[in-house]
Amino acid sequence: MRIAIASDHAAVDLKAELRDYLVSLGHEVADLGPETADRVDYPDYGYKLAQAVADGDAQYGVALCGSGIGISIAVNRHPALRCALVSEPLSAALAREHNDANAIAMGARLTGVDMAKACLDAFLSTAFGGGRHGPRVDKLSNPQTILQTNLQTSGQTA
């Protein structure tokens, strides 16, 4: 698999650990930066990661910052991305199985290296369950359709 990974300055060490771990598992990894722990803005790297996955340059993305919250919000601004903030393997597996997540986010200040590796393992080894989850996932990438339907139901116009 080809996996893109990006972080902010607070998670550059965790990014390096996870990059090396993914490579050791045989994955091709695109490290989108940063290279050092010099201060950077997480949205810049979150958007870069989202674009790489949306363009097909990577099958999945791994987004890291201090808490995981900011970078996950940035990644999710792209309509083609479904980035789940995870902190343990069950949430990582459910993100794939129920939400067809194509990226995960973790917080370097909240998640240790071993737990982050366990989250990656669960995420990458779980398939999307499809079925009843399929139409829900489709709605995630098409919010305008839902908003328009809601407006029509309520008698309002856009």
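Quick rundown of the values:
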| item | result |
| --- | --- |
| Qualifying residues in the stretch 5-26 (those that are without any contact (Cβ under 8 Å) to a residue 60 or more places away in the chain and in contact with a Lys or Arg (Cβ under 9 Å, 6 or more places away or on another chain)) - the one surrounded by the fewest Cβ atoms within 10 Å (Cβ to Cβ) | HIS9 |
| Tally, over the stretch 76-112, of residues that are of a type outside the set (A, V, I, L, M, F, W, C) and in a loop (DSSP other than H, G, I, E, B) | 11 |
| Any hit, the stretch 119-126, residues being of a type in the set (Ser, Thr, Tyr) and surrounded by 17 or more Cβ atoms within 10 Å (Cβ to Cβ) | yes |
| Subset of the stretch 35-75 [among the hydroxyl-bearing types (Ser, Thr, Tyr) and either free of Cβ contacts under 8 Å to residues at least 12 places away in the same chain or not in a loop (DSSP other than H, G, I, E, B) (or both)] | TYR42, TYR45, TYR47, TYR60, SER72 |
| Residues that are under 16 Å from ALA11 (Cα atoms) and either at pLDDT below 95 or over 14 Å from the mean Cα position of the chain (by Cα) (or both), drawn from the stretch 106-130 | ALA108, ARG109, LEU110, THR111, GLY112, VAL113, ASP114, MET115, LYS117 |
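The values are calculated or read from the model by the stated rules, or taken from the named source; none is laboratory data. Just so you know, these numbers come straight off a predicted model, no measurement behind them. Ideal geometry is used to build each Cβ from the backbone, glycine not excepted, and the neighbour counts take in all protein chains shown.
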